[in-house]
Amino acid sequence: MDNGGDNGEHGKTRTYAAGKSVSSCMDSSDICASCILPLSIPGLGFDQEGVCDICNAQSRISETSGKSRNDIEEILQRVREKGKGRQYDCLVGLSGGRDSSYLLYLLVRKHGLRCLAVYYRTPFTDDVIEENVQRIVSRLNVPMVRIDALREYHQKIARRILLLWKKKPLPELTNLLCAPCKYINREVFKIARKNDIKSIVYGGNSFEVFQLGSAFTATKTRKPRHSFVSQAVKSLSIMKRSVSLLAKCPSLIRLIPVGFKASILYINPHTPYLRMRYADILRVDYFFHEEYDEAECVDVITSKLGWQLPPGCNSYWRADCSMAELKNSMFRQMIGASYMETYLSNMVRSGDITRAFYINHVVYPQWVNQPRRSVVSTRSSAIRMASTRPSKLRA
């Protein structure tokens, strides 16, 4: 990987893949005048100045700004108090990816918390990621619980959805490929309760708030995005879209139970159902309360934890699942944009870096508009693990 260099504003160095800059591959008039979301995304509105709906809604979602609120120590003190007299202070979901690995390191080495890690190896997790996980928990001396019960079910659902998408390529179907992963939110709470753990700490960062699905469902409520009201509004919006999806693809009727659980009950740890079912367990989104430094994250996990990228992977973000790359490829084919564009747009929108820097310096298309790994190798890997013949899914 090539180093993108200092951005000249915040003194941070980021690591990018080799390739051409955005400006050499596209006209800046083809993207939002404020961030870098393409104008080609269906359902995303733009005003007369060419600014997208998400940028215009920024004042309603200020907590997604990516800026530190510097209150993490106060919150972690609550975690310690809840852990008094118990074996563990908190539970941490470990995917083997960049952010969860970094989070576990910070909680153990910086904050001195007693953590229990929970790990689910999906059918699309690379062997290198599995090795990363084993190495990390060993170096940090953290006990780990594995979730294995979902693998066969996950593979079965992914195969069904891939075949449905081949017949009718819809963005909603692509999002459903991750449906079984949402069940992990439920399993994590069950494990916490079984082990008498009163706090769960999550490693998602604020740049991931808006993805391709939620980008089109930004609500008008001014309540915090994790509040009961915001989550209830989001659930109602998802149910409305689900009815529309069934009209487009009646074959999905057999997957209604899966879709309901994944998108309403377990889509994130803050759903109304999980909040009521596990009201005694504290949820902490660490990087919403502490500044997230991508360069520091990568340096720590590689130099101190021995974390390695899977072969052929040229981005640290979402390196833990090959299905993510398959989804990126599917989204690009359908709407001309992927999860990567939304992630980078959040960085621009938050002020972490300027739009001009991304247009002129961030590589494109190898990082922004192409899969981080080879489309062919990633598709073959994901499809093979889903027991679907590669010929079934060709662009």
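Read-outs: derived from the displayed coordinates by stated rules, not from any lab. Computed from a prediction, not measured in an experiment: that's the story for all the values here. Here Cβ is always computed from backbone atoms with ideal geometry, including for glycine, and neighbour counts include all displayed protein chains.
Taking amide hydrogens as placed 1.01 Å from N in the peptide plane, the amide H of D285 sits under 5 Å from those of Y202, each at least 5 positions away in sequence or on another chain. The distance linking the stretch 108-172 with the stretch 296-360 is 18 Å (Cα centroid to Cα centroid, whole angstrom).
In terms of surrounding Cβ atoms within a 10 Å radius of their Cβ, E290, E325 rank from fewest to most as E290, E325. Packing around the peptides 30-37, 280-287, 84-91, 144-151, taken as the average count of other Cβ atoms within 10 Å per residue, puts them in this order, highest first: 30-37, 280-287, 84-91, 144-151. Compared with the alpha-carbon gap, the fully stretched path from D127 to F260 is longer by 44.8 nm at 0.36 nm per residue.
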